[in-house]
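Remarks on the structure that follows.
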Amino acid sequence: MPKLIQFVQHVWQNYTDIKLFGICFGAQLIAHSLGGEVKPIALPKERPYLLGREEIMLKPAFFKLPAAKKAFKLGYEQKPSITLHVSHGLEVARMPEGATLLASSATTGVELYNIGNRALCT
């Protein structure tokens, strides 16, 4: 894992034209590599992970994203939340410096974040 963390840090620092997209482990890896914190989600001992449907609360910053603005212009309804199938065991407990929170849930405070126009992570 240290080599993977070093790789993400190297790309982030030396290739500013490359954008990062992290899903699940990728979002956690980007957060950890860039100074955030990842830890186990606080769930009951007999159920160490969450698998199922969860309401994701969209933050005001989400609606400012260019892709969201474009979707609304195409007629998509702007809703304060969406319900998704999720799988959680770990969470981004602290986002990297400069990150913006885009969505959260009852299970984790960080469901979706971005870092400027360089990284989008969920």
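Going through the DSSP H helices of the chain, which span 27 Å or more along their own axis at the Cα atoms while scoring at least 1.0 as a mean Kyte-Doolittle hydropathy? Each step should come with its number before you reach the end.
Numbers: long enough: none.
Sorted by number, there is nothing, because no helix extends far enough and scores high enough.
Taking other Cβ within 10 Å of each residue's Cβ, how do Arg118, Arg53 sort, fewest first?
On the way: Arg118 15, Arg53 8.
Lowest to highest Cβ neighbour count: Arg53, Arg118.
Distance between Cα centroids, segment 83-114 to segment 21-37: provide it in whole Å.
10 Å
Given only helices, namely DSSP H runs of n ≥ 4 each adding -39500 (n - 2.57), what is the per-residue ellipticity at 222 nm of the chain, to the nearest 500 deg cm²/dmol?
Working: 3 runs with 30 residues, N = 122.
-7000 deg cm²/dmol, from helical runs alone.
In the chain, if the dipole is taken from +1 on Lys/Arg beta carbons and -1 on Asp/Glu beta carbons about the Cα centre, which of Leu90, Asn14, Thr107 is farthest to the positive end?
Asn14
Taking amide H positions as placed 1.01 Å from N in the peptide plane, with prolines and chain starts having none, which residues 5 or more places from His88, or on another chain, fall under 5 Å of its amide H?
Leu50, Leu51
With a 10 Å Cβ neighbour count serving as the proxy for reagent exposure, in which order, fewest first, do Ile56, Ile23 appear? Spell out each step's value before the answer.
Working: Ile56 20, Ile23 10.
Ascending number of Cβ neighbours within 10 Å: Ile23, Ile56.
Non-local amide H neighbours of Ala93 (under 5 Å, H modeled in plane, Pro and chain starts lacking H): which ones?
Sorted by chain and number, the residues that satisfy this are Glu37, Val38, Lys39.
List the residues whose amide H sits under 5 Å from the amide H of Leu20, counting only those 5 or more places along or on another chain, with H placed 1.01 Å from N in the peptide plane.
Residues meeting the criterion, in which the H sits 1.01 Å from N, are Ala119, Leu120.
What is the gain in length, in nm to one decimal, between Lys73 and Leu43 on full extension, counting 0.36 nm per residue of separation less the C-alpha to C-alpha distance?
Working: separation 30, 0.36 × 30 = 10.80 nm, distance 3.95 nm.
This chain segment gains 6.9 nm when fully extended.
Given points 7 Å out from each Cα along the Cα-Cβ axis, report the Gln6 to Lys19 separation in nanometres with one decimal.
2.9 nm
Taking the square root of 5 times each eigenvalue of the Cα gyration tensor, what semi-axes in Å does the equivalent ellipsoid of segment 1-47 have, largest first?
26, 11, 8
Given bins 5 angstrom wide, list per bin the percent of all Cα-Cα distances in segment 7-122, short to long.
All Cα pairs, binned at 5 Å, distribute as 2, 11, 21, 22, 19, 13, 8, 4, 1, 0 percent.
Net charge near Val92, counting Lys/Arg +1 and Asp/Glu -1 over other residues with Cβ under 15 Å of its Cβ? Each step should come with its number before you reach the end.
Working: positive: Lys39, Lys59, Arg94; negative: Glu37, Glu91, Glu97, Glu111.
So the surrounding residues net to -1.
Ranked from highest to lowest mean number of other Cβ atoms within 10 Å per residue, what is the order of the peptides 33-42, 76-85?
Working: 33-42: 15.3, 76-85: 10.4.
Result, highest mean Cβ count within 10 Å first: 33-42, 76-85.
Throughout, read-outs are computed from the coordinates displayed, never taken from laboratory work. Note that the coordinates shown come from a computational prediction; the quantities given were computed from them, not determined experimentally. Glycine gets a Cβ as well: all are built from the backbone with ideal geometry, and neighbour counts include every protein chain shown.
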